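The values are calculated or read from the model by the stated rules, or taken from the named source; none is laboratory data. All of these numbers come straight from a predicted model, not from anything done at the bench. Cβ atoms come from the backbone with ideal geometry, glycine included; neighbour counts cover every protein chain shown.
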Amino acid sequence: MSSREVGSTVVIEGRADPAAAGAAVTTDDGEIYYIDGLDRWEPDVELKRVRVSGILRVRAGSVPELPPDELQRHGLVDDTFVIEDASWSPVEAP
Amino acid sequence: MAEAERHDEVARAESVRAVQSVAAQSSVDLAAAPAELSRWVRDGGHRRLSPRTALALQRAAGNRATARWAAGGARRLARAVPRMLLRLGYPLGMTIPPGGPTPLKDESDHREWKKSDFHAFWEQEQGRTLSDSEKAVIDHGCIGITANNLEGGGNPSLLEVYDNFNSAHDAMAKHNRSWWNTHVSSSQYVMFGMLFWSNQDPDPDVRKNPNPSAFRGDPVTHKVNMSGYEYRRQPGRVNFDYGFWDESTQSFWHANHSEQGPDKPMIVYQSTRNRFPRVIDLGGGDIRYGYVDFDRAVYGVAVANNYDPTKARALGQPAPAPPVTPPTPPPPR
């Protein structure tokens, strides 16, 4: 997914991952997309293959990268892709 | 006065005299000594000392005076006033009684609490209010909860870390049974869990993949050398997850993330020892712990200089038994 598609409706496919920053999809090439507003996948969906459609956004990292001798802050350091208004369905593994 | 009390009085007075004598001989200004030590001398030795101050006493007075004073410690402890009913929240799986706080989420192995509820649990249990600076440390998220209890700030010490729960729990209990900890130090050893990413390469592209050989425990001691750990995350994922182990409720206290304002508040998590590092099998030998973000689960042991676990007692439960490692299935490796 390129940054040119930010703001557009996109369709992605990958593994439904339980991630610390919320439900996410990891595509076969390792790209990570968080599902806006969804903390966790339902148990019957988790780690299954899903197809997700929604509007692609970029979410800024929420904590700074700190030198190791400073008290760290818990959270996402990197900017990440988020799918807004997402809908999803299970798909068969390729 | 009973014989034991007379012995205590004599030992205390001897220790104070020894400190004053050594200070006079070596031109040590006790007024410039650690404040707690100065107070201890002023008060005639009638209080327990933190490890730091006990070491200062040892340096000033020598081991013998310190040991003589400390010999009465167990008896003094036994005469301590009856403890209040104190707790760090409610055990998981137990119904919270009417009038108790309402968790944001309530599952058999996991609860989620408003940060203000966690503050209240901590203050009720420890018998004092959290300062603004302690609250600011807790605001760092999971790492903040542990950091506050250990030293009131700074990253938790990673000098003694094990690759499984039981080894760390045994080490903690052993430290707390030592002569120093039963006679002199008022601080207890505690333990915390830590989930993180094995690959700490500075290059994010290299860091995408796990490092299968990094941060593995010694096969005999189960200790993990954390000297190469730099708090680096798997790219695009959360940096780490710390959980402070609470013996009284048999749970880890951790968090969703650091405090990020009213729209993204810090929420405090309470999870069982199995839920916190739950095993996620991605196939092909790729095992993650807690979330897909982390491929290592380790357990640190450290002194709690800003938290007294002996005050912990879960609501509605009997007083905690001495720490004994419970039999459990093999921990995640």
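Would you mind finding the one in B:Leu158, B:Leu104 that is within 14 Å of chain A (Cβ to nearest Cβ) and either over 17 Å from the mean Cα position of the chain (by Cα) or charged (D, E, K, R) (or both)? So that I can check it myself, show each step before the final result.
Numbers: B:Leu158 fails: either over 17 Å from the mean Cα position of the chain (by Cα) or charged (D, E, K, R) (or both).
Within the list B:Leu158, B:Leu104, the selection yields B:Leu104.
Just to verify a result, which residue in the stretch A:56-66, among those that are at the interface with another protein chain (Cβ under 9 Å from one of its Cβ atoms) and of a type outside the set (D, E, K, R), is nearest to A:Gly7 (Cα to Cα)? Among residues in the stretch A:56-66 that are at the interface with another protein chain (Cβ under 9 Å from one of its Cβ atoms) and of a type outside the set (D, E, K, R), the one nearest to A:Gly7 (Cα to Cα) is A:Ser62.
The set of residues in the stretch A:45-94 that are in contact with a Lys or Arg (Cβ under 8 Å, 6 or more places away or on another chain) and closer than 15 Å to B:Gly236 by Cβ comprises A:Ser62, A:Val63, A:Leu76, A:Val77, A:Asp78, A:Asp79, A:Thr80, A:Phe81, A:Val82, A:Ile83. Residue check: is B:Arg216 crowded, with 22+ Cβ neighbours inside 10 Å, out of contact with any helix residue (DSSP H, G or I) (no Cβ under 7 Å at 6 or more places or on another chain) and either away from chain A (no Cβ under 14 Å) or modelled with pLDDT of 95 or more (or both)? Here the answer is no, as B:Arg216 does not meet what is asked. Residues in the stretch B:187-213 that are touching a helix residue (DSSP H, G or I) at 6+ places or on another chain (Cβ under 9 Å) and among the acidic types (Asp, Glu): B:Asp201 only.
Selection of the stretch A:42-55 for residues being more than 11 Å from chain B (Cβ to nearest Cβ), farther than 14 Å from A:Val82 by Cα and not acidic (Asp, Glu) yields A:Pro43, A:Val45, A:Lys48, A:Arg49, A:Val50, A:Arg51. Here B:Thr221 clears all of (1) closer than 20 Å to B:Ser167 by Cβ; (2) out of contact with any strand residue (DSSP E or B) (no Cβ under 9 Å at 6 or more places or on another chain) except the condition numbered (2). Can you tell me which residue is farthest from the other protein chains (Cβ to nearest Cβ) among those in the stretch A:67-93 that are in contact with an Asp or Glu (Cβ under 8 Å, 6 or more places away or on another chain) and more than 16 Å from A:Ile35 (Cα to Cα)? Ranking the candidates gives A:Val91 first. If you filter the stretch B:287-311 down to residues that are of a type in the set (Lys, Arg) and in contact with a strand residue (DSSP E or B) (Cβ under 9 Å, 6 or more places away or on another chain), you find that the one that is farthest from B:Gly152 (Cα to Cα) is B:Arg288. Considering (1) surrounded by fewer than 17 Cβ atoms within 10 Å (Cβ to Cβ); (2) modelled with pLDDT under 95, the lone condition that B:Gln126 does not fulfil carries the number (1). Note on the stretch B:144-155: residues that are under 20 Å from B:Ser227 (Cα atoms), crowded, with 24+ Cβ neighbours inside 10 Å and either among the aromatic types (Phe, Trp, Tyr) or facing another protein chain (nearest Cβ under 10 Å) (or both) amount to 1. Residues in the stretch B:238-288 that are of a type in the set (Ser, Thr, Tyr), more than 18 Å from B:Asp106 (Cα to Cα) and surrounded by fewer than 23 Cβ atoms within 10 Å (Cβ to Cβ): B:Ser248, B:Ser258. Residues that are more than 11 Å from chain B (Cβ to nearest Cβ) and acidic (Asp, Glu) within the stretch A:30-41 comprise just one, A:Asp36. Anything in the stretch A:12-28 that is within 11 Å of another protein chain (Cβ to nearest Cβ), small (Gly, Ala, Ser) and farther than 17 Å from A:Gly75 by Cβ? List them, or say none. The one that is within 11 Å of another protein chain (Cβ to nearest Cβ), small (Gly, Ala, Ser) and farther than 17 Å from A:Gly75 by Cβ: A:Ala16.
The criterion of being closer than 27 Å to B:Gly89 by Cβ and of a type outside the set (A, V, I, L, M, F, W, C) holds for B:Tyr189. In summary, B:Val190 fulfils each of the numbered conditions (1) within 14 Å of another protein chain (Cβ to nearest Cβ); (2) under 25 Å from B:Glu259 (Cα atoms) with the single exception of condition (1).
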